[in-house]
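Colleague: My questions will all concern the structure given below.
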Amino acid sequence: MSEINILTIFRSTKVLKFYNGQEIPATGLGTWQSKDEEVYNAVLAALKIGYKHIDTAACYGNEEPIGRAIRDAGVKREDIFITTKVWGTDHTRVEQALNTSLQKLGLDYVDLYLMHWPVPLNPNGNHPLFPTLPDGNRDISQDWDFTKTYNLMQKLLDSGKTKSIGVSNFSVTNLKKLLNAPTTTVKPVVNQVELHPYLPQHKLLQFAKENDIVLESYSPLGSTDSPLLSDEVVVKIAEKNKVSPATILISWALWRGTVVLPKSVSAHRIESNFNVIDLPDADGKELDDLHKLRGIRRLVLPNWAPVVVFDSDE
Ligand code: A2P
């Protein structure tokens, strides 16, 4: 008997709620590596298609064209959700960094402000973003740590310049350190991390759920030239459900209860990535286990030596 396909593809209007009551659209446009006019057109296209959530960072260098696209799209500010992030060289001057981001975005506030990496970098080093030491290693501030950065971020909440604060690229170990710090009085609402079937981070997801912290999936498609999009198992599940491999990966991220941030600069793919299915549980579980066949693969791993940022990939 032939299999009957009763799944429908639908626009991703799902919303998740933070522990503080704020809502976040579960699908957002990722913009890492999207440059100037490319990102302007991408954000404009996304907002016209119906995306309500754009994710950027000071370090991406694209806040200004994103701000222009938001203005030109003619959307109401309160109808969209904007995230940006503080870079390592600004860990000791977070308020100043947020002011600069707001100025570039042309906004009075962001919805979410994240610590991009738990690694403070020398603010007076040999490069504004990636300072290095003579031995070639990153110039990491030894007299500062991320709990102090987070403490400064907490103070921003009263200013109204961000609705919520959170972190990015945090392991369970670092989340515990942050949550246990005497200075931490406001829990992060999210932890934005690399998540896809080759790096599912099940333990991190479990820990986040137990602590009412939302995980956000970046590089959900496996980033540039992704091997995931042609993975036999992903392709098989896509064919069975009569959708594209990208739709399966995005739908899996939503099925797991995460926010998903697919990046694209193509209007066609941006539109396609906004369409999802309710992934059948059996397919979700098969993708949960795919790393056991392929091995864990972390795609985004800057050299932060001697700081260990990820002590485990589970
Ligand atoms: P492009 O920007 O040219 O569309 P990730 O979100 O995991 O970082 O993946 C982004 C990469 O996947 C980019 O190279 C992007 O290229 C590509 N991409 C985005 N959407 C799709 C899609 N629906 N199908 C195939 N590739 C895609």
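The numbers here are math on the coordinates, done by the rules we state, and not lab data. Everything quoted here is computed from the prediction, not taken from an experiment. Cβ sites come from the backbone with ideal geometry, for glycine too, and all protein chains shown count toward neighbours.
Colleague: With label points built 7 Å along Cα→Cβ from the Cα atoms of E95 and E210, find their separation and express it in nm.
Modeller: Output for this residue pair reads 3.7 nm.
Colleague: Tell me, rounded to the nearest percent, the portion of alpha carbon pairs in the range 69-214 spaced more than 19 Å apart.
Modeller: That fraction is 56 percent.
Colleague: Follow-up. When only C-alpha pairs under 8 Å and at least 6 residues apart count, what is the relative contact order of the chain, in percent?
Modeller: 20 percent.
Colleague: Any idea how far apart L301 and A282 come out in nm if each label point goes 7 Å out from Cα toward Cβ?
Modeller: Placing both labels 7 Å beyond Cα along the Cβ direction yields 3.5 nm.
Colleague: Apply the Karplus curve 6.51 cos²θ - 1.76 cosθ + 1.60, θ = phi - 60°, to the phi angles in the range 174-182 and return the couplings in whole Hz, x for Gly and Pro.
Modeller: 6, 5, 4, 4, 5, 5, 8, 5, x
Colleague: Related question: Putting +1 on Lys and Arg Cβ atoms and -1 on Asp and Glu Cβ atoms, find which of L195, S266, N241 reaches farthest to the positive end of the dipole of the range 172-314.
Modeller: Of the listed residues, the answer is L195.
Colleague: With loop defined by DSSP as not H, G, I, E or B, and exposure as at most 11 other Cβ atoms within 10 Å, which is the longest segment of the chain clear of exposed trypsin sites (Lys or Arg not before Pro)?
Modeller: 77-241
Colleague: How much of the DSSP beta bridge set in the chain is antiparallel, as a percent to the nearest 5?
Modeller: Counting DSSP beta bridges with both partners in the chain, the antiparallel share is about 25 percent.
Colleague: Report the gain in length on full extension from Q22 to I49: 0.36 nm times residue separation, minus Cα-Cα distance, nm rounded to one decimal.
Modeller: 7.4 nm
Colleague: Calculate log10 I(q)/I(0) of the chain for q = 0.09, 0.13, 0.15 Å⁻¹, where I(q) comes from the Debye formula with a single equal point scatterer on each Cα and nothing for solvent.
Modeller: Per q value, in the given order, log10 I(q)/I(0) is -0.44, -0.94, -1.26.
Colleague: Starting from 0.36 nm per residue, how many nanometres of slack lie between K236 and T185 once their C-alpha separation is accounted for?
Modeller: So the extension gain works out to 13.7 nm.
Colleague: Additional query: Counting each DSSP H run of 4 or more residues in the chain as -39500 (n - 2.57), what helix-only mean residue ellipticity at 222 nm follows after dividing by all residues, to the nearest 500 deg cm²/dmol?
Modeller: It lands at -10000 deg cm²/dmol.
Colleague: Quick one: what do you get for the range 133-264 if you divide its Cα Rg by 2.2 N^0.38 Å?
Modeller: So the range 133-264 has a normalised radius of gyration of 1.27.
Colleague: Next question, about the same structure. Around F81, which amide H atoms from residues at least 5 apart in sequence, or from another chain, sit under 5 Å from its own amide H, with H modelled in the peptide plane?
Modeller: H53, I54
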